[in-house]
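Novice: Take a look at the following structure, please.
The values are calculated or read from the model by the stated rules, or taken from the named source; none is laboratory data. Only a predicted model underlies this, so the values are computations on that prediction, with no experimental measurement involved. Here the Cβ is made from the backbone with ideal geometry for all residues, glycine too, and neighbour counts use every protein chain on show.
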Amino acid sequence: MDLAAANGHLKVVKWLYANRTEGCTVKAFKKAMQNSHLCVAWWLHARFPKWNPSIDTLQIQSPNQFDILLFLDEHFPNIYDIQDYDQPILAVVTEPDDRHAMTWMREKHNINIDGRDP
């Protein structure tokens, strides 16, 4: 299930959930988030709500990263708390067309993506 989630295969994840007993690990949710598979992440979160993103660094890749950032903001708002610059909770990999994500993080959470103080 972890591999299916990491690759965004929601139908496979659902089938495995219904037909297998192993379940999934936190890795499935984390990889779905990191690879910007919002539908998979949403589905997993509804069934396995105990994952706490503040225990790992979560690196979000493009595309769809803004949707993932909004999902995190809604379900895990503490992920945006700047606690320790040496061990960040969230790392965002941006592309030139991701200005809206950078602007939103700066305006909503007072965080600059490039790592400089706001």
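Novice: Identify, from the list ASN19, ASN35, the residue that is modelled with pLDDT of 85 or more and farther than 22 Å from ASP73 by Cβ. Walk me through it before giving the result.
Specialist: Values: ASN35 fails: farther than 22 Å from ASP73 by Cβ.
Testing whether each residue is modelled with pLDDT of 85 or more and farther than 22 Å from ASP73 by Cβ leaves just ASN19.
Novice: Within the stretch 10-40, which residues are closer than 17 Å to GLN65 by Cα and basic (Lys, Arg)?
Specialist: Scanning the stretch 10-40 gives LYS30, LYS31.
Novice: With the condition kept exactly as written, say whether any residue in the stretch 41-53 is modelled with pLDDT under 75, within 23 Å of GLY8 (Cβ to Cβ) and crowded, with 18+ Cβ neighbours inside 10 Å. Spell out the reasoning first.
Specialist: Within the stretch 41-53, the first condition is being modelled with pLDDT under 75, and the residues that meet it are 50-53.
Those left that are additionally within 23 Å of GLY8 (Cβ to Cβ): 50-53.
So of that shortlist, the ones also crowded, with 18+ Cβ neighbours inside 10 Å come out as 51, 53.
Yes, the stretch 41-53 contains a residue that is modelled with pLDDT under 75, within 23 Å of GLY8 (Cβ to Cβ) and crowded, with 18+ Cβ neighbours inside 10 Å.
Novice: Let me ask you something else. Which residues, taken from the stretch 8-39, are surrounded by fewer than 15 Cβ atoms within 10 Å (Cβ to Cβ) and part of a loop (DSSP other than H, G, I, E, B)?
Specialist: Within the stretch 8-39, ARG20, THR21, GLU22, GLY23, THR25 meet the criteria.
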